[in-house]
Amino acid sequence: MSRLERVLRQARRPLVIPFVTAGFPELDSTLDIVTAIAAAGADVIEIGVPFSDPLADGPTIQRSSERALANGVTVAWVLDTVAKLRALPATSAVPLILMGYCNPIFRYGLDRFLDDALSAGVDGLIVPDLPPEEAREYRQGCQQRGIAAVFLVAPNAPDERIVTVDRASTHFSYCVSITGVTGARAEVQARTVAFLQRVRALAEKPFVVGFGVRGAEHVLALGPYADGVVVGSALIEILEQAADPAAAAAAKVAELRAAADQVGDGAQPPVEERQQ
Amino acid sequence: MSTSKSRSVPDKAGKFGRFGGRFVPETLIPALLELERAYEEALQDAKFVQQLENLRADYAGRPTPLYRAERLSEELGGAQVWLKREDLLHTGAHKINNTIGQALLALRMHKTRVIAETGAGQHGVATATVAAMFGLECVVYMGQEDIVRQRLNVFRMELLGARVIPVTSGSRTLKDATNEAIRDWVTNVENTFYIIGSVVGPHPYPMMVRDFHTVIGREVRQQLGAHSIGAPDWLVACVGGGSNAIGLFYDWIDAGPRLIGVEAAGHGLESGQHAATLSVGTVGVLHGARSLLLQDDDGQVQLAHSISAGLDYPGVGPEHAWLQETGRASYASVTDSEAVAAFERLCRCEGIIPALESAHAIAYLYQMAERGELRAGEVVVVCLSGRGDKDVAALAEVLGKGDER
């Protein structure tokens, strides 16, 4: 069983999935930040591969991408960083997922990218501008290598679309909490819960929820309805402002984890039991 | 509207060969499928087609004249140069062909708010115009740098009741304005219709925007016919995203004329500061479609440069990438200074102040003439896609300095 499969199957609470942009705020901060948030209780870590034109991202992640590119981050650098994380005891076992737009991946060469991602120790990929219709080769390439291809489910999707995306995702899907770009929002909308319930009724695979998930209160509100919560922009804001980014990010992740544990105490059955 | 003409491209998935497609965030997929359905239905609806025809005629001012430019012809050595006067349309450019069509679709789809991106401001003005006429809320995204270059158009949009939102990310030009418009659409997809201004973006936009502009080439066919000219030898148009060019070319794709698209070479192709995507770009994905793209080795999109804000775009419509790859059309480029020189020549010898974008197409005629490619008696139709009032202030600055040329 792969690192990712183990984590997905054994969870008895929503997984805590922090997102950090590679090479942000500084090139040499990524190893420290990722090891610190892993130690603080992150279950899966999503690492952003910066792109010049991040269509699905709000101002916070846009800023972090611009900064990372200015710092000199490339696709090859991100893969190399993942390989380094794999060699560190603190992060050797935590599933690492790359989130990046399709153009840098295609430019690198799809097969070459998937080969290098596999040997670096990447567990999964989220490509927000690659819907299932455009992803035949990509999905096949991921499957052949045992890398998770994670597709996104949007709240305005009709039922049949939710099914399409769930079937396309190889391990789990990523539900976008509201129509919009990434970015922290103050309140959880009631319709997000209704959306997640609709996905639960239709999906065969686990799914996580992200976009606008800010803190512990959102983990408590949405956690019971999903298999994981992704926190991105709120964490990036902390990395932007903190004197010690790794410590501040770890403190934030510890809070999220405590909230997730609290949801788990509400006796959410693990995914493998729910699916039987 | 005779868009029922059988189409070989794009296919059902929106592909022009290996170009095109639908590379967008998932939230937009339901919206694009809904738009595609609504568009196909509208084309079958006689009322929609009639309404479009009427607005083109009575509101936009079609058909536009096809003018035989005698003095320009003479200056170029005797080829017959005809100018398709899209600059005489309401709002001063071809863009309104498309915005009328898309606004009608927005109404059909019960959307109350329209958004647009704009570079030179011509598409923004054309969108603000139809939004005012139909009583729709209108928001236009425009790069901060373009706002400075095209102040007049900003004021026009505001007069027409649109809200112009400055975009300060990235290169602060059309590319970034498009990113911002797409982000708005992702956020407000329920009540908002995104009126894309060129033959770019995810399927069905490149097809739909093309269809709304094909009236240009169809009229040229009728108008030349009235002068007993069966087919021209050359069709020439400027290409940023490529909407006026595809509009001119489309009706002639299965026929004889040579099709030439003219891109902006900016400070020169070797300078790295240009917008000549088809000439030197590589395959990539931007703004929802696979096409050619100015990008670096790591797949980051590079900044384009052109003196003309409307051509200042690092991507290009997928159908042009396909027409180039299949060899059906060829693409050339002219520099900023060649475009400015052609701008001045057209003012002086024909009494027509062209948009800087369109001046690129005129400039290419001079290149052709110099190389002896343009033979006496050959028929050339150039799309004069817009008028130059918007560029006069910026030109005064360039021409005032003199040494920049």
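The values are calculated or read from the model by the stated rules, or taken from the named source; none is laboratory data. Please read all numbers here as calculations on a predicted model, not as lab measurements. All Cβ positions, glycine included, derive from the backbone under ideal geometry; neighbour counts span all protein chains shown. Just so you know, the surface numbers come from the protein's heavy atoms only, side chains and all, with ligands and any DNA or RNA stripped out. Shrake-Rupley method; radii C 1.70, N 1.55, O 1.52, S 1.80 Å.
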(request) Tell me the label-point distance for the pair B:Arg258, B:Val283, using the 7 Å Cα-to-Cβ offset, in nm and rounded to one decimal. (result) 2.8
(message) Could you tell me how far the Cα centroid of the stretch A:122-172 sits from the Cα centroid of the stretch A:215-255, in Å?
(response) 25
(message) Let me check the size of the stretch B:41-84 from its C-alpha atoms; what are the radius of gyration and Dmax in Å?
(response) 17.3, 49
(request) Under a 10 Å cutoff between Cα atoms, tell me which one of B:Asp298, B:Asp251, B:Asp58 has the largest fluctuation in the Gaussian network model of chain B. (result) B:Asp298
(message) Below 8 Å, C-alpha to C-alpha, sequence gap of six or more: please give me the relative contact order for chain A in percent.
(response) 26
(message) Based on the alpha-carbon set only, what is the convex hull volume of the protein assembly as shown divided per residue, in Å³?
(response) 150
(request) Run the 1.4 Å probe and let me know the accessible area of A:Met99, rounded to the nearest 10 Å². (result) 20
(request) Would you kindly calculate the mean projected area, averaged across all directions, of the convex hull enclosing the Cα atoms of the stretch A:3-274, in square nanometres? (result) 12.4
(message) Out of the trypsin sites (Lys or Arg not before Pro) in the stretch B:6-63, which ones are loop residues according to DSSP with at most 11 other C-beta atoms within 10 Å?
(response) B:Lys12
(message) As a test of the definition: with a 1.4 Å probe, what buried accessible area, both sides summed, do you compute for B against A, in Å² to the nearest 100?
(response) 2800
(message) In whole percent, and with a 1.4 Å probe on the protein chains, what portion of the accessible area of chain A is carbon and sulfur?
(response) 50
(request) Could you state, as a whole-number percent, how many of the C-alpha pairs of the stretch B:131-216 are farther apart than 20 Å? (result) 42
(request) Please work out the average accessible area per residue across the stretch A:3-274, using the 1.4 Å probe convention, and give it in Å². (result) 35
(request) Please list, or write none, the lysines whose alpha carbon is within less than 22 Å of the alpha carbon of B:Lys390, excluding same-chain residues fewer than 8 places away. (result) B:Lys84, B:Lys95, B:Lys175, B:Lys401
(request) Please give the average number of partner chain Cβ atoms lying within 10 Å of the Cβ of each residue in B:16-27, rounded to a whole number. (result) 6
(message) For a quick check, take a GNM of chain A with Cα springs below 10 Å and name the residue from A:Gly109, A:Gly183, A:Gly48 with the largest mean-square fluctuation.
(response) A:Gly109
(message) For a quick check: with amide H placed at 1.01 Å from N, whose amide H comes under 5 Å from B:Glu117's, ignoring anything fewer than 5 positions away on the same chain?
(response) B:Tyr141, B:Gly197
(request) Could you tell me whether the stretch A:29-108 comes out rounded, prolate or oblate from its Cα gyration tensor? Rule is a ≥ b ≥ c as square roots of the eigenvalues, rounded for a/c under 1.5, then prolate if a/b exceeds b/c, otherwise oblate. (result) prolate
(message) Taking 2.2 N^0.38 Å as the expected size of a compact globular protein, what ratio does the Cα radius of gyration of chain B give against it, to two decimals?
(response) 0.90
(request) Quantify how strongly other chains surround peptide A:102-109 by giving the mean number of their Cβ atoms within 10 Å of each of its Cβ atoms. (result) 6
(message) I'd like to check one number: the per residue accessible area of the stretch B:265-394, probe 1.4 Å, reported in Å² as a whole number.
(response) 32
(request) Can you send over the carbon and sulfur percentage of the accessible area for the stretch B:232-328, probe radius 1.4 Å, protein chains only? (result) 45
(request) Report, as an integer, the average count of C-beta atoms from other chains found within 10 Å of each Cβ along B:30-42. (result) 1
(request) Principal axes first, then extents: for the Cα atoms of the stretch B:212-318, list largest minus smallest coordinate on each axis, whole Å, largest first. (result) 52, 28, 22
(message) From the helices alone, meaning DSSP H stretches of at least four residues, give me the mean residue ellipticity at 222 nm for the protein assembly as shown, per-run term -39500 (n - 2.57), in deg cm²/dmol to the nearest 500.
(response) -13500 deg cm²/dmol
(request) Find the centroid of the Cα atoms in the stretch A:19-90 and in the stretch A:94-119, then give the distance between the two in whole Å. (result) 14
(request) Quick one: check the C-alpha center-to-center distance for the stretch B:264-331 versus the stretch B:154-181, whole angstrom. (result) 21
(request) Sticking to Cα atoms, compute the Rg of the stretch A:105-210 to one decimal and its Dmax as the biggest Cα-Cα distance, whole number, in Å. (result) 14.6, 43
(request) Would you work out the charge dipole size for the stretch A:3-274 about its Cα centre, treating the Cβ of every Lys and Arg as +1 and the Cβ of every Asp and Glu as -1, and quote it to the nearest 20 debye? (result) 460
(message) Need one number: % antiparallel among DSSP beta bridges in the protein assembly as shown, to the nearest 5.
(response) 20
(request) Take peptides B:257-263, A:258-264, B:347-353, B:337-343 and line them up by average Cβ neighbours within 10 Å, highest first, as a rough protection proxy. (result) B:257-263, B:337-343, A:258-264, B:347-353
(message) Using a Gaussian network model on chain B with a 10 Å cutoff between Cα atoms, which of B:Gly240, B:Gly21, B:Gly161 fluctuates the most?
(response) B:Gly161
(message) Ignoring solvent entirely, what values of log10 I(q)/I(0) come out of the Debye formula for the stretch A:156-243 at 0.10, 0.16, 0.20, 0.24 Å⁻¹ when each Cα is a single scatterer?
(response) -0.25, -0.61, -0.90, -1.20
(request) Please identify which residues in the stretch B:313-339 have an amide N closer than 13 Å to a label point set 7 Å out from the Cα of B:Gln367, following the Cα→Cβ vector. (result) B:330-339
